[in-house]
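Structure record follows, encoded as structure tokens.
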């Protein structure tokens, strides 16, 4: 190994060790903040809050090292990917540190202990989020994209946990057993723990990029178009969306009172436009919470359709499009405008 290569490797390792050291501090601070909350230990919470000053200084120093590394070595390929990933990874680490501070501040404000069920939920979410975070830091230490991908694969489980915990908190609020301020504080804590998971996922994606050059895959959304009988508007909207954006989202259609078959006039019109009627026949909308929770966007195509959805999941967006008329050509024009606007919002203008 040449002198230049030795110096380059030495500087890379110094950056790596600095990231691992501050990552360990941030993970411990997150765990301590939750412990302080559950024990209502103000001294412990204050220690976490003040400790973040050191974290911020350290991350600024890592950023400085990364910029100095680029100026000194003019790196390419793997070393350049590593340094650019560390600069983005540092953002995630700093934010997780900030989440720990927020949890610590909420711990100081609580007027009484968290309800036992909610306390158990918080512990569970903390354990799950930090398990993913620990895997992310292990993947960084080893430079192993396989570990990072494995951690990314657990995000769906954590999302389901958050929705369950959120429902528990709502039920606690319905009892009126404690001050609203405490309930809001607990909601903030749950949200920050969910964000720890999100940032851990981002860190894993940076590790995969640093090791392989593979960039983050665009998210593929789940969108369902809903009308009453699912024989006219829903099939037309889904056929139009699938034609233009099937690579970016999974489009389905359903109704709360589905007919036996699609409207022949609509089927004929869709065929004449070179589109494909989705599914063999109208489908019934499954309004269970677990099923609705799988959708990113629910589009109701008559205002009254929204009344058929008993509860909108926390992570789901409900849109209401008031489509007027019966003529297929006119319906197609209205839906085309709405679908294009939705696609621009979800995927960016001009994406097809």
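Quick notes on this structure:
- Residues located in region 257-270, provided they are over 10 Å from residue 236 (Cα atoms) and in a helix (DSSP H, G or I): 264, 265, 268
- Residues that are within 26 Å of the chain's Cα centre (by Cα) and free of Cβ contacts under 8 Å to residues at least 24 places away in the same chain, drawn from region 31-67: 35
- When region 271-314 is limited to residues that are farther than 28 Å from residue 167 by Cα and assigned to a helix (DSSP H, G or I), the one that is farthest from the chain's Cα centre (by Cα) turns out to be 272.
- Here is the figure for region 258-291: residues that are touching a strand residue (DSSP E or B) at 6+ places or on another chain (Cβ under 9 Å) and at pLDDT 90 or above total 6.
- Boolean, residue 108 is surrounded by 22 or more Cβ atoms within 10 Å (Cβ to Cβ) and at negative phi: no
- Checked across region 322-336, the condition of being under 23 Å from the mean Cα position of the chain (by Cα) and touching a residue at least 60 places away in the same chain (Cβ under 8 Å) holds for no residue.
- Scanning region 171-211 for residues that are closer than 26 Å to residue 16 by Cα and without any contact (Cβ under 8 Å) to a residue 60 or more places away in the chain yields 198, 205.
- Selection status of residue 223, under 28 Å from the mean Cα position of the chain (by Cα) and in a strand (DSSP E or B): yes
- Only one of the numbered conditions (1) within 14 Å of the chain's Cα centre (by Cα); (2) surrounded by fewer than 21 Cβ atoms within 10 Å (Cβ to Cβ) is not met by residue 183, and that is (1).
- Criterion: in contact with a helix residue (DSSP H, G or I) (Cβ under 8 Å, 6 or more places away or on another chain), over 30 Å from residue 144 (Cα atoms), at pLDDT 90 or above and part of a helix (DSSP H, G or I) - qualifying residue of 254, 241: 241
- Scanning region 229-267 for residues that are crowded, with 18+ Cβ neighbours inside 10 Å and over 30 Å from residue 217 (Cα atoms) yields 230, 231, 232, 233, 255, 256, 258, 262, 263, 266, 267.
- Qualifying helices (runs of 4 or more DSSP H) (wholly inside region 78-186; at least 2 residues being closer than 22 Å to residue 61 by Cα): 116-142
- Scanning region 295-315 for residues that are out of contact with any helix residue (DSSP H, G or I) (no Cβ under 6 Å at 6 or more places or on another chain), surrounded by 13 or more Cβ atoms within 10 Å (Cβ to Cβ) and modelled with pLDDT under 90 turns up 302, 305, 306, 308, 309, 312, 315.
- Residue match in region 87-95 (condition: touching a residue at least 60 places away in the same chain (Cβ under 8 Å), farther than 22 Å from residue 210 by Cα and surrounded by 16 or more Cβ atoms within 10 Å (Cβ to Cβ)): no
The values are calculated or read from the model by the stated rules, or taken from the named source; none is laboratory data. None of the values given here were measured: they were computed from a predicted structure. FYI the Cβ positions are ideal-geometry reconstructions off the backbone, even for glycines, and counts take in every protein chain you see.
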